[in-house]
1. Using a 1.4 angstrom probe, figure out how much accessible area the chain has per residue, in square angstrom, rounded to the nearest whole.
2. Using Cα springs under 10 Å in a Gaussian network model of the chain, which residue among VAL96, VAL196, VAL182 shows the largest mean-square fluctuation?
3. Between SER147 and GLU187, 0.36 nm times their residue separation minus their Cα-Cα distance comes to what?
4. To check you understand DSSP bridge types, tell me what percent of the beta bridges within the chain (both residues inside) are antiparallel, rounded to 5.
5. Assuming a ≥ b ≥ c are the square roots of the Cα gyration tensor eigenvalues, decide whether region 26-154 counts as rounded (a/c under 1.5), prolate (otherwise, with a/b larger than b/c) or oblate.
6. Relative contact order for region 37-150: what is it in percent, counting Cα pairs under 8 Å that are at least 6 residues apart?
7. Amide H of SER222: which non-local residues (sequence gap of 5 or more, or other chain) have their own amide H closer than 5 Å, using H built in the peptide plane?
8. Got the relative contact order for the chain handy, in percent, Cα pairs under 8 Å and 6 or more residues apart?
Amino acid sequence: MILRPLLADLAALFFPRPCLACREPLVAGEAHLCTSCRAELPYTDYHLLPPSQNPLARRFWGRLPVRHTLSYLRFLRHGRVQQLLHQLKYKGQSQVGRALGQLYGAELAEAGLGPEFGLVVPVPLHRRKLARRGYNQAEVFGQGLASALACPHAPHALRRTEHTASQTRKSRTERWQNVAAVFEVAEPAAIAGRHVLLVDDVLTTGATLEACAAVLLAAGASAVSIATIACADH
Ligand SMILES: [Zn+2]
């Protein structure tokens, strides 16, 4: 019975796994993140504020109704959050997304938000990127969130219709039109009447999330909320 943890400890002694945020070796009892990173990551705690006082909510004001705009961490360049996202997106560490989803989902559930959401839906990745990465980083985060919130997860409810043309040298309106034409609802019956928690890795301008939210609302979602791993200034 104790052989397995013993072997895991021995393996960790000879091949210590690094913390996914600071790269220091993990010790027994730590998974994915070391204790100091768990304590010191730049959490936003926006889920503890009333929606009217949440600074992230302003990014969608005047654009479309978003019930809760939530982000686990503040994105700071060259910091631990950038390292976590780098591991998740470019180093094949899909468990980073799942672990962060579970940690954040547990906090949202503790704040009483769990029963609000009817369905977790990730922003879909283009199939070429999916083929290269092997997984959708928004989907693995959504998996973790859904399991901690005890909420159904519909990873294929949205799909991309075409490859997004380059966003550079376009006005904001042109950029939005460009993005808006890219998403469609693949599973309308799953969406109708549900409060959808739309998830992605990073919130910056919100153009992609806005386009996804718009098609979800058009397909009959009763409300849309947003949750991302990190939010960046824009
Ligand atoms: Zn660490």
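1. On the way: 12120 Å² over 234 residues.
Accessible area per residue: 52 Å².
2. Top of the fluctuation ranking is VAL182.
3. Values: separation 40, 0.36 × 40 = 14.40 nm, distance 2.05 nm.
Residue separation times 0.36 nm, minus the Cα-Cα distance, leaves 12.4 nm.
4. Values: 5 of 23 bridges.
Here the share of antiparallel DSSP bridges comes out near 20 percent.
5. Cα axes put region 26-154 in the rounded bin.
6. Details: 122 pairs, mean separation 31.0, N = 114.
Reported as a whole number, the value is 27 percent.
7. Those lying under 5 Å, H to H, from SER222 are GLY193, ARG194, HIS195, VAL196.
8. On the way: 418 pairs, mean separation 49.3, N = 234.
Averaging sequence separation for qualifying contacts and normalising by length gives 21 percent for the chain.
The values are calculated or read from the model by the stated rules, or taken from the named source; none is laboratory data. Just so you know, these numbers come straight off a predicted model, no measurement behind them. With ideal geometry, Cβ positions are generated from the backbone for all residues, glycine too; neighbour counts draw on all protein chains shown. Side chains included, ligands, DNA and RNA excluded: accessible areas come from the protein's heavy atoms. Shrake-Rupley method; radii C 1.70, N 1.55, O 1.52, S 1.80 Å.
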